[in-house]
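Below is one structure, written out as C-alpha cells; the observations come after it.
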Amino acid sequence: MSEMHIAVVGGGAAGFFGAIQAARQFPQLRITILEALPQPLTKVRISGGGRCNVTHHCFDPLLLSQHYPRGGQVLRGLLTRFQPRDVLDWFAQEGVTLKTEPDGRIFPCSDDSSTITTALVRAAQRAHITIQNQHKIHTIRRQGDGFHLEWAGGGLVCDRVLLATGSSPSGYAIATQLGHRLIPPVPALFTLHIPDPALWALAGVSLPQVRLKWLGEGLPRLAQKHREQQGALLITHWGLSGPVVLRLSSWLARFLHACQYQGQLQVHWLPAWGRQKLYEQCQLLRTQVAAKTLGNYRPVRELPQRLWHYLLACAHIPQERRWGELSGRELEQLLLQMTAKVYPVTGKGIFKEEFVTCGGVPWGEVDSRTLHSRVCPGLYLAGEVLDMDGLTGGFNLQAAWTTGWIAGQALGARNEDD
C-alpha cells in the first residue's frame, strides 16, 4: 500500500502522537493532521497551569489504570504496551528532560509547556507530516474504500482516518456520522461553587491535606466507593478547588451532573489530627494558655490563621474570647467546624480548568488491540473522543499518549486486523 493517505482529525496530544508513530512505523504513508484551531496542541499548552503535566510517576499498569474513573479496565491492557516509562524514554530521545515532583506529577525541567509542544511539532515535521491548522472538519463520509472529508472552503480524500478530536462536540458529531453510538459527554474535572461570601474572602488560602465527603443518598456504587477524598485544597473566589476537589468531581461526575451539581459537602480541615486528638489539644490549651485569646492563638500550626478566624466566626465565638473562658458547648461547636463542617454546593466552576469530560465512543465499538473501529472500516479512534477520563495529575495526557501510540502502530498496516 504505497502512498496510502492518512488523515488525522484533531491536532492534540493523541493526534500528534498517533501521526508520529504511524509515520515512523510506516514511512511510506502520507499523513495530514487537520486541526480546527489556529494552532495545534492547545490543551497540551495549558496543561498543568502552562507547565504541562506530561504524565505520572507510576510504572505499574494495574495501579495506573485505577486512576481512570471511566475506561480504566481497557487502559490496563493498553498501558502494558505503552506506559509512563515509555513516555519518558520517548521525550528523552527528542532531547526533552523531564522531572518528577514529590506528588508524582512529571513536568519538563523547563516548567514550560512549549518545550513539549515544540518537541512534538518538530518530530512531526521531521516525519514529513503535513499540519493544517484552522481546518475544522464538519463532514466525513465514506467514499469507496476511503473517506471524503469536508471543511469550510475545501475537502480531502484519504484512505484511513484517525479521529482524535478530544472532547470537541464536532468530533462526537463525526463519530456518530460514521455510525458510532455516543455515551453522553459530561464534565469530569471541575471545581465546586459554595454560596458562602465569608469563605470566598479566604481566596488563595490552601491546605496540603483536607478530607471531603459528599453527603446524601442515591449515589451509584462507583460514586459510593469514592464519595470521600483526601488531598490538597484551595479556597477560591467562588468556593473550593485543588486536587482533592477535582478528584471528587471526577469520580462523581455523572452523579453530580444528574443532580445538577446540587448537594452537601462535608469538610474535615485537619484529617491528620482527627477529632479526638484535636479535642485533647484544645483541652490542653484551655489550661496551658488560658490567658491567651483564641484569635491570637490557633490550636494547631497546620491551620492557616485566616481560616481559623473564619471557623471561629462560623462557631459564633469572638476572637477576643480567652482559651480559659471557652465553654464545653463552644468547644464542641468549634470541633464541629474544624472536623465536620457541612457546606451547600450549588453548582460547578465555569473556569478554564474544566476541560476534561467523561463520555464518548463506547469501548465496545473499537478493537482495543488496534483502536480500529468495529463499526466503520478504516476509522481509528484515540484520546478523549473515547469514553475514558483520568484524575488530575498527568493521567489524561498519559491516556492520550498511549491510545495515540497504539493507533499509530496499526494505522498503516495492510490488514486492518493486524
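Quick notes
- The condition of being modelled with pLDDT of 95 or more, in contact with a Pro (Cβ under 7 Å, 6 or more places away or on another chain) and not in a loop (DSSP other than H, G, I, E, B) holds for only one of ARG76, ARG85, that being ARG76.
- Test: residue in the stretch 389-400 that is over 23 Å from LEU120 (Cα atoms) and either touching a residue at least 24 places away in the same chain (Cβ under 8 Å) or not in a strand (DSSP E or B) (or both): yes
- Among the residues making up the stretch 369-388, those that are assigned to a helix (DSSP H, G or I) and on the phi < 0 side of the Ramachandran plot are GLU384, VAL385.
- Of all residues making up the stretch 165-185, the number that are of a type in the set (A, V, I, L, M), open to solvent by 10 Å² or more (accessible area, probe 1.4 Å) and out of contact with any Lys or Arg (no Cβ under 9 Å at 6 or more places or on another chain): 2
For every residue, the table says whether it meets (1) of a type in the set (Asp, Glu); (2) within 20 Å of TRP200 (Cα to Cα); (3) touching a residue at least 60 places away in the same chain (Cβ under 8 Å).
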| position | (1), (2), (3) |
| --- | --- |
| ARG286 | no, no, no |
| LEU294 | no, no, no |
| PRO299 | no, no, no |
| LEU307 | no, yes, yes |
| HIS316 | no, yes, no |
| GLU320 | yes, no, no |
| LEU326 | no, no, no |
| GLU332 | yes, no, no |
| LEU335 | no, no, yes |
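- Odd one out for ALA188, checked against (1) open to solvent by less than 10 Å² (accessible area, probe 1.4 Å); (2) hydrophobic (A, V, I, L, M, F, W, C); (3) modelled with pLDDT of 95 or more: (3)
This table checks each residue for (1) under 20 Å from LEU37 (Cβ atoms); (2) not aromatic (Phe, Trp, Tyr).
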{"position": "TRP90", "(1), (2)": "no, no"}
{"position": "GLU94", "(1), (2)": "no, yes"}
{"position": "LYS99", "(1), (2)": "no, yes"}
{"position": "ARG122", "(1), (2)": "yes, yes"}
{"position": "GLN132", "(1), (2)": "yes, yes"}
{"position": "LYS136", "(1), (2)": "yes, yes"}
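- Taken over the stretch 233-255, the criterion of being more than 22 Å from GLY71 (Cβ to Cβ) and touching a helix residue (DSSP H, G or I) at 6+ places or on another chain (Cβ under 9 Å) is satisfied by LEU233, LEU234, ILE235, THR236, HIS237, TRP238, GLY239, LEU240.
- Candidate set: the stretch 84-107, residues that are open to solvent by less than 70 Å² (accessible area, probe 1.4 Å) and under 17 Å from the mean Cα position of the chain (by Cα); chosen: the one nearest to GLY242 (Cα to Cα): GLY104
- Some residue of the stretch 236-245 being open to solvent by 40 Å² or more (accessible area, probe 1.4 Å) and of a type in the set (S, T, N, Q): no
Residues checked against (1) out of contact with any Cys (no Cβ under 7 Å at 6 or more places or on another chain); (2) of a type in the set (Ser, Thr, Tyr); (3) more than 27 Å from LEU192 (Cα to Cα); (4) modelled with pLDDT of 95 or more:
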site: ARG275; (1), (2), (3), (4): yes, no, no, yes
site: GLN283; (1), (2), (3), (4): yes, no, yes, yes
site: LEU303; (1), (2), (3), (4): yes, no, no, yes
site: HIS309; (1), (2), (3), (4): yes, no, no, yes
site: ARG322; (1), (2), (3), (4): yes, no, yes, yes
site: SER327; (1), (2), (3), (4): yes, yes, yes, yes
site: GLU330; (1), (2), (3), (4): yes, no, yes, yes
site: LYS348; (1), (2), (3), (4): yes, no, no, no
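A quick yes/no check of all residues on (1) part of a helix (DSSP H, G or I); (2) surrounded by 18 or more Cβ atoms within 10 Å (Cβ to Cβ); (3) of a type in the set (Ser, Thr, Tyr):
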{"position": "GLY11", "(1), (2), (3)": "no, yes, no"}
{"position": "ALA14", "(1), (2), (3)": "yes, yes, no"}
{"position": "LEU37", "(1), (2), (3)": "no, no, no"}
{"position": "VAL44", "(1), (2), (3)": "yes, yes, no"}
{"position": "CYS58", "(1), (2), (3)": "no, yes, no"}
{"position": "LEU63", "(1), (2), (3)": "yes, no, no"}
{"position": "ASP111", "(1), (2), (3)": "no, no, no"}
{"position": "ILE116", "(1), (2), (3)": "yes, yes, no"}
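- Residues satisfying the stated conditions in the stretch 209-221, i.e. loosely packed, with under 12 Cβ neighbours inside 10 Å and touching a residue at least 24 places away in the same chain (Cβ under 8 Å): GLY218, PRO220
- The residues of the stretch 278-295 that are surrounded by 13 or more Cβ atoms within 10 Å (Cβ to Cβ) and either in a loop (DSSP other than H, G, I, E, B) or among the charged types (D, E, K, R) (or both), listed by number, are ARG286, VAL289, LYS292, LEU294, GLY295.
- Failed item, numbered, when PRO197 is tested on (1) open to solvent by 10 Å² or more (accessible area, probe 1.4 Å); (2) in contact with a strand residue (DSSP E or B) (Cβ under 8 Å, 6 or more places away or on another chain): (2)
- Residue that is nearest to GLY10 (Cα to Cα) [pool: residues in the stretch 133-147 that are assigned to a strand (DSSP E or B) and not small (Gly, Ala, Ser)]: ILE137
The values are calculated or read from the model by the stated rules, or taken from the named source; none is laboratory data. Not measured: the values here are computed from a predicted model. Reconstructed Cβ throughout: ideal geometry from the backbone, glycine too, with neighbour counts over all protein chains shown. Remember, those area values only see protein heavy atoms, side chains included, never the ligands or the DNA or RNA. Shrake-Rupley method; radii C 1.70, N 1.55, O 1.52, S 1.80 Å.
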